[in-house]
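The values are calculated or read from the model by the stated rules, or taken from the named source; none is laboratory data. From a predicted model like this one, the values you see are computed outputs, not experimental measurements. Reconstructed Cβ throughout: ideal geometry from the backbone, glycine too, with neighbour counts over all protein chains shown. What goes into the accessible areas is simple: the full protein's heavy atoms, side chains included, and nothing from ligands, DNA or RNA. Shrake-Rupley method; radii C 1.70, N 1.55, O 1.52, S 1.80 Å.
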Amino acid sequence: MATAVGEHPVSVRGLRKSYGDWHAVQGLDLDIHQGEVFALLGPNGAGKTTTVEILEGVRQRTGGDVRVLGCDPAEDRREWRARIGVVPQTTGAYSDLTVREVVEHFAAFYPNPLPVGQVIDMVGLGKHEKKQSTDLSGGQARRLDVAVGIVGDPDLIFLDEPTTGLDPVARREAWDLVRYFSERGRTTVLTTHYLDEAEALCQRAAVIVAGRVVQCGPLAEFGGRSQTPTTVSFRIPPELAGRTLPSLPPGAEPAPVGADGVLRIGTHAPTALLAALVPWAHRAGVAELPELRVHRPTLEDVYLDLIRENVDGTDRGADTTQLISEAGTR
């Protein structure tokens, strides 16, 4: 059952899922590499959860070829299932069981689970292992979901918005868990609305819009970020008004000063540009350039641009403005 040498843990070609005339996933292609943390990004209703559920074997596809750990997940073999760890989007309900009993119960499903006590400590529930699961807070219940998903020591882990509802400390602890499994060579598929989470944890990501992958690759290269010029800007003080700029590095392009009095210069060499601007300002008696800012497009900037460029408001009656708003606020 081991994944063949050179074979991706997840390989998808032409994946489709339709419900009557509504196409939730439309010809999606995807490869996820061994040992990486891979993010699926996109607005609500883009098809992320549907795709993940097909990969997990809990939802049947309409068409396309899917291989997860070398097998078709639609066959849902017992030995294959034991190699998959799933933390679903919604918190589970485990009536009349303590935290330890819940984790022990799920550990029994796997041939080589992690030690139950270790898992409980890993998710930060060591002090609550005798507590009834129904008495846990929302954040604690989410931690229990993570414990259930990882107790089998899986080769491939699906985390569907695992940190939703967690406080900042708990979020960072969840991140440490992802890194723990990554260091052990496990592969993780992370669905999240938190772009800082994706940047902190993931080597690569795919943005899904209207059931299609519109961008896939290293996060640092999304939207050409690595080649996009940096913008250096500052407000022109009275001492520099009307003065000619110093000699700038090759390729630096000043924009006309706007009504806001801010000078913006695009450059691929921001350090060299600042090295030219600072002495120029000092010679005019300006010790600090007002409102100095060095800005390169963030992942959020690129992400929202991708959604604006690719979302199809007519595809399923969705409101494009609403989808963009959701993407920017979740």
Practice task
Could you check, for segment 108-127, whether at least one of its residues is at pLDDT below 90, in the same structural domain as Pro73 (by the TED database), open to solvent by 20 Å² or more (accessible area, probe 1.4 Å) and among the aliphatic types (A, V, I, L, M)?
Solution key: yes
Handout entry: Any chance Val213 is free of Cβ contacts under 8 Å to residues at least 24 places away in the same chain, hydrophobic (A, V, I, L, M, F, W, C) and open to solvent by 10 Å² or more (accessible area, probe 1.4 Å)
Key = no
Exercise for the section: Examine segment 130-149 for a residue that is hydrophobic (A, V, I, L, M, F, W, C) and within 30 Å of Asn310 (Cβ to Cβ), and state whether such a residue exists. Expected result: no
Handout entry: Verdict on Gly211 being of a type outside the set (S, T, N, Q), at positive phi and at pLDDT below 90
Key = no
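Restricting attention to segment 120-148, report how many residues are part of a helix (DSSP H, G or I), in contact with a helix residue (DSSP H, G or I) (Cβ under 8 Å, 6 or more places away or on another chain) and in contact (Cβ under 8 Å) with a residue 12 or more places away in the chain.
Within segment 120-148, residues that are part of a helix (DSSP H, G or I), in contact with a helix residue (DSSP H, G or I) (Cβ under 8 Å, 6 or more places away or on another chain) and in contact (Cβ under 8 Å) with a residue 12 or more places away in the chain number 13.
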Handout entry: Selected residue [within 30 Å of Pro43 (Cβ to Cβ), open to solvent by 10 Å² or more (accessible area, probe 1.4 Å) and of a type in the set (Lys, Arg)] from Arg100, Arg143
Key = Arg143
Problem - Scan of segment 269-306 for residues that are more than 30 Å from Leu40 (Cα to Cα), open to solvent by 60 Å² or more (accessible area, probe 1.4 Å) and either of a type in the set (Lys, Arg) or within 33 Å of the chain's Cα centre (by Cα) (or both), ordered by number - result: Thr271, Arg283, Glu291, Leu292, Arg293
Completion exercise
Pairs returned, first residue in segment 233-253 that is touching a residue at least 60 places away in the same chain (Cβ under 8 Å) and on the phi < 0 side of the Ramachandran plot, second residue that is open to solvent by 90 Å² or more (accessible area, probe 1.4 Å) and not in a loop (DSSP other than H, G, I, E, B), beta-carbon separation under 9 angstrom, 6 or more apart or interchain, are Ser233/Arg264; Ser233/Arg293
Problem - Condition met for Gly92 (of a type outside the set (Val, Ile, Thr), touching a helix residue (DSSP H, G or I) at 6+ places or on another chain (Cβ under 7 Å), closer than 30 Å to Ala46 by Cα and part of a helix (DSSP H, G or I)) - result: no
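Determine whether Ser133 is surrounded by 14 or more Cβ atoms within 10 Å (Cβ to Cβ) and in the same structural domain as Ala205 (by the TED database). Walk me through how you get there before you give the answer.
Details: surrounded by 14 or more Cβ atoms within 10 Å (Cβ to Cβ): yes; in the same structural domain as Ala205 (by the TED database): yes.
The answer is yes for Ser133.
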Exercise for the section: Can you confirm whether segment 220-229 contains a residue that is more than 19 Å from the chain's Cα centre (by Cα) and open to solvent by less than 40 Å² (accessible area, probe 1.4 Å)? Expected result: yes
Practice task
Go through (1) outside any helix (DSSP H, G or I); (2) open to solvent by less than 40 Å² (accessible area, probe 1.4 Å) one by one and return the number of the condition Thr164 breaks.
Solution key: (2)
